[in-house]
Amino acid sequence: MSCLSCGSAKHAELTAEMLIHFPGLKNMDKPGVLLFPKLTLCLDCGSSRFNVPETELALVAKDLAE
């Protein structure tokens, strides 16, 4: 797989820890959504890609719809 930003074939697949926060003052009381996606990191330009797992994606979509 080539990097979408620079075309490099040098990449690493890692596990990341992320906390998604919801924007705006009205969402201050909502807890963030914690997720541990697999991350693909380009070792030349630093660009990264990840997918949000289905369970966490459903939580984000639900909280944004409220």
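Structure summary
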quantity: Residue check, Glu13 touching a strand residue (DSSP E or B) at 6+ places or on another chain (Cβ under 6 Å), loosely packed, with under 14 Cβ neighbours inside 10 Å and of a type in the set (Asp, Glu); calculated: yes
quantity: Hey, Glu66 charged (D, E, K, R) and either surrounded by 15 or more Cβ atoms within 10 Å (Cβ to Cβ) or under 16 Å from the mean Cα position of the chain (by Cα) (or both) or not; calculated: no
quantity: In segment 1-19, residue farthest from Gly46 (Cα to Cα) [restricted to those that are free of Cβ contacts under 8 Å to residues at least 24 places away in the same chain and in a loop (DSSP other than H, G, I, E, B)]; calculated: Glu17
quantity: Test: residue in segment 20-42 that is surrounded by 12 or more Cβ atoms within 10 Å (Cβ to Cβ), of a type in the set (Ser, Thr, Tyr) and either out of contact with any strand residue (DSSP E or B) (no Cβ under 8 Å at 6 or more places or on another chain) or in a loop (DSSP other than H, G, I, E, B) (or both); calculated: no
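Values in this text are rule-based calculations from the coordinates and carry no lab data. The shown structure was predicted, so the numbers you read here are calculated from the model rather than taken from an experiment. So basically every Cβ, Gly included, is an ideal-geometry build from the backbone, and we count neighbours across all protein chains shown.
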